[in-house]
Amino acid sequence: MTAEKCYLNTLGMLCSAGDTAASVKNNLMAKEAKLTITDNYSAGRPLPLGMYNGELPPIPLPDNKWYSRNNQFALAALRQMDVDVSAAIQHFGPHRVGVVIGTSTSGIAECESSIKQWIQTGNLPPDYNYSQQEMGATAQFIAQILDVRGPAYGISTACSSGAKALATARRLIRAGICDAVIAGGVDTLCHLTVQGFSSLEAVSENRCNPFSKNRDGINIGEGAALFLITTEASGIELTGVGEGSDAHHISAPDPTGAGAIRCMTAALKDGSISAAEVDYINLHGTATALNDQMESIAISQVFGEHTLCSSTKPFTGHTLGAAGAVEAGICWLTLNSTKTDSLLPIHLWDGVKDPELPPLNLITPKTKLTAPPQYALSNSFAFGGNNISLLLGRIQ
C-alpha cells in the first residue's frame, strides 16, 4: 500500500438544506434552516424532519429491484458530477473505478409499505423486491448506471457510514485496487428510523439545539453526498483519517470522550498537522444530552476552547448513514470558499450555555476569519462507538 495523496475532486449533494452543493452553500450562508414539520413518519406526533421536498429523477433501469427513494437521491447527486465522473471513467477505464456508499436505510421505506399491504391484504404488491432494502443496493445501482466494474459495495455503520465510505475509498486507491472511487453516503426517511429513535426518547419536537442547556434530542433527516475521489490534485485533499470502535455501549457514547479523542488525534497524526492548525470543526453535535457532553469534553482536551466549530444538524437534520458524507461536504464547501463567497457555517441554537459542558468556540453570525481556512475536521460518532474523524485540507 502506498501513501498517495487522495483528493475529493467533485461533490454532488442534496438534503433539506438544498438540492445541489451550491444551493446548500447558499442556504448555509443565508443561515436558513428548512426543516419540515410533519407526522408522516410519526402518526399523531408532528416532528421537525430534515426532509427533502424537491423533485427527484426517475430510475432509468427496468428491474424494479432498483426502485427506491434512496437510489433516486443517489442518482440526483450523481448527475451533479456527470462531466467529471464520465471523464474519470474514460481516463482510467471502467474496471478501475469503484463505488462505496454508506447507508443505514437503503430502500427500507419501500419495503415498509409493501409489508403493510401484506399485513392488511395477505398479498405483497407486484413490484416488491427484497433487494431494494439491501445495504449494498445503492452502491450496486450506481455501478449499474455508470457501467463501472471496480469494487461496488455498501457500508452500514450507523451514523459513521458516509464518512467510513470516504476512508474506504482512500484505502482502495492507496492499495492499487482502484484509480477512482465514487464514494459517500445516502439515507432517506422511513418509519423505522424515526420510530426507532423515538423509542430511545432521543427525538426532539423542536428544532434541535446542540450544546444548549435546553437540548432535548435530534431531528431525523435525509440526504445524499457523493464525491469523485482520485489522486489527481483538484478539489480538496482527504488529508487525514482517524477511526475507532470503542464498543462502550450499543447506543450511548463513552462519557469520557476517549473514543472521540482517539479518532481526532489519529486524524491529526495521519495528516501530519497539529491541533492548532485546524481552522474549523464540524461537530457531530446531535443535541442529545450524552453525545454533546462527550464531544465537548473530547474537543476541549484535543483542541482547547479556541478552535472554531459548529454543528450543522439544525440545517440538515441528522441524516444518519449519510451524515458523515453530508458534513464532509459542508467542510469541502467551506474550504473551497473564496473571499467573495466565504462560508463559515454558524452554530444555530438558542445561545443558552450548559455550565456543565466545557466551553467551545461556537461560530456566530459575527465570527470572521482573518485568512482562508486551510484545514477542517468532520466528526461522526455512531452507535457502538463506531467513530471516525475526517481531516480535509485545502490544496496548497
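Values in this text are rule-based calculations from the coordinates and carry no lab data. All figures in this text were calculated on a predicted structure; none of them were measured in a lab. Using ideal geometry, Cβ is built from the backbone for each residue, glycine included, and neighbour counts are taken over all protein chains shown.
Quick look at the numbers
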{"read-out": "Region 270-396 - Rg over Rh from alpha carbon coordinates, Kirkwood radius", "value": "0.93"}
{"read-out": "Residue list for region 18-62, given a label point 7 angstrom along the Cα-to-Cβ vector of Glu112 and an amide N cut-off under 19 Å", "value": "35-54, 56"}
{"read-out": "Contour excess over end-to-end distance, with Cα ends at Asp147 and Ala276 and 0.36 nm allotted per residue", "value": "42.0 nm"}
{"read-out": "Nearest-20 debye value, region 8-394 charge dipole, Cβ charges on Lys, Arg, Asp, Glu", "value": "420"}
{"read-out": "Debye log10 I(q)/I(0) at q = 0.15 Å⁻¹ for region 43-168, Cα point scatterers", "value": "-0.79"}
{"read-out": "Helix-derived mean residue ellipticity, 222 nm - over the chain, DSSP H n ≥ 4, -39500 (n - 2.57), to 500", "value": "-9500 deg cm²/dmol"}
{"read-out": "Taking only Cα atoms of region 1-103, radius of gyration then Dmax in Å", "value": "17.3, 55"}
{"read-out": "Over region 89-248, equivalent-ellipsoid semi-axes from the Cα gyration tensor in Å", "value": "31, 25, 12"}
{"read-out": "Difference of contour (0.36 nm per residue) and Cα-Cα distance, Ile119 to Thr231", "value": "35.2 nm"}
{"read-out": "For a label point 7 Å along the Cα-to-beta-carbon line of Ala289, residues of region 239-265 with backbone N under 19 Å", "value": "249-257"}
{"read-out": "5 angstrom amide H check on Ala152, placed H, neighbours 5+ away", "value": "Val99"}
{"read-out": "Gained length - Ser131 relative to Lys213, 0.36 nm times residue gap less alpha-carbon distance", "value": "25.2 nm"}
{"read-out": "Candidates Ala266, Ala167, Ala30: whichever shows maximal mean-square fluctuation once the chain is modelled as a Gaussian network with Cα springs under 10 Å", "value": "Ala30"}
{"read-out": "Environment charge at Gly154 (Cβ cut-off 12 Å; Lys +1, Arg +1, Asp -1, Glu -1)", "value": "-1"}
{"read-out": "Euclidean distance between Cα centres, region 307-376 to region 216-294, Å", "value": "13"}
{"read-out": "Rotationally averaged projected area of the chain (alpha carbon convex hull; nm²)", "value": "18.4"}
{"read-out": "Separation of the Gln195 and Glu55 label points, Cα + 7 Å toward Cβ, nm", "value": "3.3"}
{"read-out": "Distance violations [Cα-Cα > 19 Å] among Lys31/Lys313; Lys25/Lys368; Lys5/Lys368; Lys25/Lys313; Lys34/Lys313", "value": "Lys5/Lys368"}
{"read-out": "Amide proton proximity set for Glu134, modelled H, under 5 Å, gap of 5+", "value": "Gly107"}
